[in-house]
Amino acid sequence: MYSMLFGILAMFLVNSWSVNVCSTMLLTLVSMLMFNQHFSNSMNYIFLFNNVSSLLVFLSILLIGLCFISTPDNKKSRYMSCLLALLFILVVVFLVNNVLLFYIFFEASLIPTLLLIISWGYQPERLQAGSYMMLYTVCASLPLLMVLLYWSYNEGSFMIILSSMNSSMYESMYFIVYLAFLVKLPMYSCHLWLPKAHVEASLAGSMILAGILLKLGGYGLIQMNYIFSISGEKSLILIFIMSLSIWGGLLASLMCLRQVDLKAFIAYSSIGHMALVIVGILNDQVWGMLSSVITMYAHGLCSSAMFCIAYYSYLKVRSRSLMHMKGLLQIYPMLSFFWFLLCSVNMAVPPTLNLMGEMFIIPSLWSLSIMFIIVMGMMIFFSGVYNMYLYTSINHGMYSKYMLMSSPMNGFQYVSLFMHMFPMILFLKME
């Protein structure tokens, strides 16, 4: 707790303007800690600390700090207040123990994200992308709100809501409870908003969206399993969701090979990785849950770093098209070196955390069906294919004569990329 508060203070005290924001947020946190009500049958405090929430809080603080490092030219008060408000919302979401407050702040995280897309995007299509994101996520989560309000009215509590429900009531609620978080992850067939949002978002918007906000869906699935106790039932609906997720991950990996836009390429690769998170959580086994947590952490850092280096490459080439981004190895060798490292991490080469997450899920998939193992093997193969294709298409070949010469990489760009990879190395060393 003290290290988290120190990290918040160290990051917020960038200028005198943020002192007021920092003090206000800390006072709000203290007041919520003092707000003692019995929301649960077993807990008398409002914040719930566990390994998953602590890890995601650390990831949130780290990535918000890296957003400030990666965008030193944008230090306006509106931009900083938007990121700070988003950090406050994320910390509350990952620590709150009340279901209603969790839902409120879960939905409130969309507002700063929408502002990052609309206000700091640089194309007219950003309004359509913001509309897609709001329609998909809000409409999918409204049925969950109705369920929470209905059962809290009957049970008189917002925690352990379905403790007295019989098994026949579960069947009609699987899809409603999970839909809000499956769209947030997103699951294939609910994913159309994600590539649009990534393409139109600014650098900070893409980093936060890929690094943290997708993890809200996985964390929500874990919390719903804790409250409703409906995972691991091997019912027809859960098998259908897991099958659709794993097949969707394979299709998303195939779609990466057809992408021309660099940011859409990285967005579709995120959909493929999140498919394993869905299967691991819903199967509700020890290896699957461990794999999902490791994959969420590793993907949060890796995907954020890939959007960073994609933006830095865009500054050099002034184009996100893979047709025009060729021959970076001849002009910017250090940029190509980081492309090589990040593509290797994204394709889960040993000894990275991505490989650990993919290997740990194999026992969980084996307990379901051999077909899940086959599909995952194809996903791993095509993951290596599209990452090698991405690296070679950008860095090899002859650079275009229309490419404008630019300055070499700055110091803050090296720091940002290194700080993305260092926590993964440190985490592996600690294990």
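The values are calculated or read from the model by the stated rules, or taken from the named source; none is laboratory data. Every value quoted in this text rests on a predicted model; they were computed, and no experiment measured them. We place every Cβ from the backbone using ideal geometry, glycine too, and count neighbours over all the protein chains shown. Note: accessible area is taken over every heavy atom of the protein model, side chains too, but ligands, DNA and RNA are not part of it. Shrake-Rupley method; radii C 1.70, N 1.55, O 1.52, S 1.80 Å.
Things worth noting here:
- Within the range 262-304, the set of residues being in contact with a Ser or Thr (Cβ under 8 Å, 6 or more places away or on another chain), open to solvent by less than 10 Å² (accessible area, probe 1.4 Å) and over 19 Å from Gly217 (Cβ atoms) comprises just one member, Leu262.
- Filter result for Ile271 (β-branched (Val, Ile, Thr) and closer than 17 Å to Ala305 by Cβ): no
- Top-ranked residue in the range 326-379 [being among the β-branched types (Val, Ile, Thr) and part of a loop (DSSP other than H, G, I, E, B); ranked as modelled with the lowest pLDDT]: Thr352
- The one condition from (1) in a helix (DSSP H, G or I); (2) closer than 26 Å to Gly205 by Cβ; (3) open to solvent by 20 Å² or more (accessible area, probe 1.4 Å) that Met323 does not meet is (1).
- Set side by side, the residues Ser53, Ser70 differ, and just one is modelled with pLDDT of 50 or more, more than 30 Å from Gly411 (Cβ to Cβ) and open to solvent by less than 30 Å² (accessible area, probe 1.4 Å), which is Ser53.
- Any hit, the range 229-245, residues being open to solvent by 10 Å² or more (accessible area, probe 1.4 Å), free of Cβ contacts under 8 Å to residues at least 40 places away in the same chain and of a type in the set (A, V, I, L, M): yes
- Checking Phe88 against (1) open to solvent by less than 10 Å² (accessible area, probe 1.4 Å); (2) more than 16 Å from the chain's Cα centre (by Cα); (3) modelled with pLDDT of 90 or more, the condition it does not meet: (1)
- Selection status of Val345, in contact (Cβ under 8 Å) with a residue 60 or more places away in the chain and either open to solvent by 20 Å² or more (accessible area, probe 1.4 Å) or within 23 Å of Ala275 (Cβ to Cβ) (or both): yes
Per-residue answers, yes or no, for (1) in contact (Cβ under 8 Å) with a residue 24 or more places away in the chain; (2) touching a Gly at 6+ places or on another chain (Cβ under 9 Å); (3) of a type outside the set (Ser, Thr, Tyr); (4) more than 23 Å from Phe418 (Cα to Cα):
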| site | (1), (2), (3), (4) |
| --- | --- |
| Arg318 | yes, no, yes, yes |
| Phe337 | no, no, yes, no |
| Pro363 | yes, yes, yes, yes |
| Ile370 | no, no, yes, yes |
| Tyr389 | yes, no, no, yes |
| Ile394 | yes, yes, yes, no |
